[in-house]
Amino acid sequence: MKKLSAAFALAALAMGVTNAAALDRRVTINNNTSYKIVEFYASNKGSKSWEEDILGKNVLPAGNSVVINIDDGTGYCKYDFLAVFEDGDELIKYDNNVCELAVFNYTD
């Protein structure tokens with residue numbers, strides 16, 4: 001019986017690791033403000049600096065949305081977001097759990 005329990009526990013642990021690694025880190029970013037988002041950054045909690053601008057040469061116009069895959073290959077679920085708006089304002093939102101978060105809204 002102990003061998004069966006140990007085998008079951010090992011299988012459950014392996015499934016948990018697989019499931020954690022397979023978590024969906026895609027987040028819909030809704031720009032419900034009056035300004036374009038001209039830069040967007042998402043850096044995992046272990047990073048000491050902002051990563052590259054995810055939008056690149058694109059912008060996220062007011063009233064529009066974009067789906068972003070936040071997965072950077074590190075396995076982190078917690079990310080900080082930085083949005084830079086066309087008027088120069090910056091908004092940082094900390095500790096966003098992208099493994100659970102499907103939608104993130106920016107509003108005026």
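General observations
- Surface share of carbon and sulfur [accessible, 1.4 angstrom probe, percent] for the range 32-108: 45
- Straight-distance crosslink candidates among aspartates and glutamates, where the alpha carbon sits under 12 Å from Lys93 and sequence neighbours closer than 8 are dropped: Asp80
The values are calculated or read from the model by the stated rules, or taken from the named source; none is laboratory data. Given the structure is predicted, the values throughout are model-derived calculations rather than measurements. When the accessible area is computed, the model is the full protein with side chains, heavy atoms only, and any ligands, DNA or RNA have been set aside. Shrake-Rupley method; radii C 1.70, N 1.55, O 1.52, S 1.80 Å.
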